Amino acid sequence: MGLATYRKKRDFALTAEPKGSGKPLPKPVRGSSRFVIQKHDASRLHYDFRLEMDGVLKSWAVPKGLPWTQGQKHLAV
Ligand SMILES: [Mn+2]
């Protein structure tokens, strides 16, 4: 789903979801992958972790939040 479709499906006066900044994406760097960590205030608060693989952002939910200590592990599903 593109950003225009995403905006059409939502009423930003009713929810706190992001509209997008309107800024262009940074130029891709050869050999690098993008990642996104999104706080998702759904029926149960969790974090979404997205990692670019083959040009697609694959997504995992991290129900217990992000680990902040080195070596700490939190399940991503
Ligand atoms: Mn989610």
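The values are calculated or read from the model by the stated rules, or taken from the named source; none is laboratory data. Please read these numbers as outputs of a predicted model, since none were measured by experiment. Cβ sites come from the backbone with ideal geometry, for glycine too, and all protein chains shown count toward neighbours. The area values use the complete protein model at the heavy-atom level, side chains included, leaving out ligands, DNA and RNA. Shrake-Rupley method; radii C 1.70, N 1.55, O 1.52, S 1.80 Å.
Candidates are the residues of the stretch 32-42 that are over 21 Å from Leu14 (Cα atoms) and either within 15 Å of the ligand (Cβ to nearest atom) or among the hydrophobic types (A, V, I, L, M, F, W, C) (or both); the one that is least open to solvent (accessible area, probe 1.4 Å) is Val36. Listed by first and then second residue, the pairs linking a residue in the stretch 14-42 that is closer than 19 Å to Gly65 by Cα to a residue that is among the hydroxyl-bearing types (Ser, Thr, Tyr) and at pLDDT below 90, with Cβ atoms under 9 Å apart and 6 or more places separating them unless they lie on different chains, are Glu17/Tyr6; Asp41/Thr15. For the stretch 5-31, filtered to residues that are away from the ligand (no atom under 16 Å from the Cβ) and of a type in the set (S, T, N, Q), the residue that is farthest from Ser59 (Cα to Cα) is Ser21. Only residues that are more than 18 Å from Ala76 (Cα to Cα) and part of a strand (DSSP E or B) were counted in the stretch 1-53, giving 0. The set of residues from the stretch 54-77 being loosely packed, with under 10 Cβ neighbours inside 10 Å and part of a strand (DSSP E or B) comprises just one member, Val56.
Summed over the stretch 52-77, the residues that are over 20 Å from Tyr6 (Cα atoms) and more than 11 Å from the ligand (Cβ to nearest atom) give a count of 15. If the condition is being touching a residue at least 24 places away in the same chain (Cβ under 8 Å) and farther than 23 Å from Thr15 by Cα, then the stretch 43-77 contributes Leu66, Ala76.
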